[in-house]
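The values are calculated or read from the model by the stated rules, or taken from the named source; none is laboratory data. Values in this document were obtained by computation on a predicted structure and should not be read as measured data. Cβ placement follows ideal geometry from the backbone for every residue including glycine, while neighbour counts extend to all protein chains displayed. These area figures cover heavy atoms from the full protein model, side chains too; ligands, DNA and RNA do not enter into them. Shrake-Rupley method; radii C 1.70, N 1.55, O 1.52, S 1.80 Å.
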Amino acid sequence: MSEKVLAALKVGPSTTELRELDLPPIPDDAALMKVEVAGVCGTDVSQYRLPLRGGPLVMGHENVGYLARVGRTFAAHNGLKEGDLVFLEHYLPCGHCEWDHIGEYRHCAATEWFYDPKAIRYGYTSTDIAPGLWGGFSHYVYLPLNAVLHKVPDGLTPEEAGVATPMSNGIQWALFDGGIGYASTVLIQGPGQQGLCCVMASKQAGADRVIVTGTSKDARRLEVAKAFGADDVIDVEKEQALARILDSTGGRGVDVVLDCTVGAGTAPTLLGIEA
Ligand SMILES: [Zn+2]
Ligand SMILES: [Zn+2]
């Protein structure tokens, strides 16, 4: 009898069942990761409510774990060995298309689960595609040769490595897209995990003033934003946000606005453009 893997399967809208799946044989060009940390992303919350598009699936796409079994070809190709602690990206790119060649493999068709039910993306692909271990809410995740892995640096815990995705977003949105740097003034809307990571990235880059807005239910998160270095936090349900922002910036306003809300898109209103 084959070994079993305990996995939390989404079997319908907002419905999870714990089931035992077969632990697959690991060929020479694959590996198996024992999950230590599986983050919950904002998209998980919305995806969880939707109907299945195929068979049940294992959700969880922000995964960190130890390599439990590593095939020889996989080890040679990826420079990894059993026991290594790794962060797994959720994309599974083909490796030879134009997007992959310019490093933007998130756009690779082979991992575009939304349009192609055969495309594999961790946390989104159903158990219809063997061996079915395509999500982090499970004891083990299956890794083909093209899995995108990052060895976790020594001294970093699995829990710390578990925020790699929102932290990467924070760096991309604040530094690369927003151009935030020394002496910038920044408004970050929404103190969720993405917004909080934008706070850290902005302060690390030398931003002079970081202001974070949220609603009354975000009170605790706004405290965390302050602990992470936010200079000012504003509850938009209790305070006049625009007046507070102008006050906080000596009447000058901010250089960059990062909208980390779930589509609330309040920036134009806040800045008086649509007033
Ligand atoms: Zn996500
Ligand atoms: Zn590709």
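Take the residues in region 161-180 that are touching a strand residue (DSSP E or B) at 6+ places or on another chain (Cβ under 8 Å) and open to solvent by 40 Å² or more (accessible area, probe 1.4 Å), then tell me which one is farthest from ligand 2 (Cβ to nearest atom).
Within region 161-180, the match that is farthest from ligand 2 (Cβ to nearest atom) is G179.
Of all residues in region 98-130 being free of Cβ contacts under 8 Å to residues at least 60 places away in the same chain and acidic (D, E), which is nearest to H61 (Cα to Cα)?
E112
Please give the strands (runs of 3 or more DSSP E) falling wholly within region 162-240 in which 3 or more residues are in contact with a helix residue (DSSP H, G or I) (Cβ under 6 Å, 6 or more places away or on another chain), more than 30 Å from N63 (Cβ to Cβ) and without any contact (Cβ under 8 Å) to a residue 60 or more places away in the chain.
Strands (runs of 3 or more DSSP E) meeting the threshold: 232-235.
Name, by its number, the condition in (1) open to solvent by 30 Å² or more (accessible area, probe 1.4 Å); (2) within 14 Å of P144 (Cα to Cα) that does not hold for F74.
Going through (1) open to solvent by 30 Å² or more (accessible area, probe 1.4 Å); (2) within 14 Å of P144 (Cα to Cα) one by one, F74 breaks only (1).
If G55 satisfies every condition in (1) under 21 Å from R19 (Cβ atoms); (2) within 16 Å of ligand 1 (Cβ to nearest atom) but one, which is the exception?
Unmet condition: (2).
For region 78-127, how many residues are within 11 Å of ligand 2 (Cβ to nearest atom), assigned to a loop (DSSP other than H, G, I, E, B), at negative phi and open to solvent by 30 Å² or more (accessible area, probe 1.4 Å)?
6
In the set V212, V199, V152, which member is open to solvent by less than 30 Å² (accessible area, probe 1.4 Å), β-branched (V, I, T) and under 30 Å from R69 (Cβ atoms)?
So the residue among V212, V199, V152 that is open to solvent by less than 30 Å² (accessible area, probe 1.4 Å), β-branched (V, I, T) and under 30 Å from R69 (Cβ atoms) is V152.
Can you tell me how many residues within region 24-40 are open to solvent by 20 Å² or more (accessible area, probe 1.4 Å) and touching a residue at least 24 places away in the same chain (Cβ under 8 Å)? If you could, list the steps in order and put the result at the bottom.
If we filter region 24-40 for residues that are open to solvent by 20 Å² or more (accessible area, probe 1.4 Å), which is where we start, we get 25-29, 34-38, 40.
Still in the list and also touching a residue at least 24 places away in the same chain (Cβ under 8 Å): 26-29, 34-38.
Matching residues across region 24-40 total 9.
Every residue in region 75-102 that is more than 16 Å from ligand 1 (Cβ to nearest atom) and under 22 Å from V163 (Cβ atoms), please.
Within region 75-102, L80, D84, L85, V86 qualify.
So, in region 41-52, exactly how many residues are buried (at least 17 other Cβ atoms within 10 Å of the Cβ) and either away from ligand 1 (no atom under 13 Å from the Cβ) or under 13 Å from P158 (Cα atoms) (or both)?
Within region 41-52, the first condition is being buried (at least 17 other Cβ atoms within 10 Å of the Cβ), and the residues that meet it are 41, 44.
Filter again for either away from ligand 1 (no atom under 13 Å from the Cβ) or under 13 Å from P158 (Cα atoms) (or both), leaving none.
Number of matching residues: 0.
I'd like to know if region 61-71 contains one or more residues that are open to solvent by 10 Å² or more (accessible area, probe 1.4 Å), among the polar types (S, T, N, Q), in the same structural domain as D22 (by TED's automatic domain parsing) and not in a helix (DSSP H, G or I).
no
Of all the strands (runs of 3 or more DSSP E) wholly in region 1-51, which have at least 2 residues that are more than 19 Å from H61 (Cβ to Cβ)?
Where strands (runs of 3 or more DSSP E) fall fully within region 1-51 and carry at least 2 residues being more than 19 Å from H61 (Cβ to Cβ), they are 4-12, 15-22.
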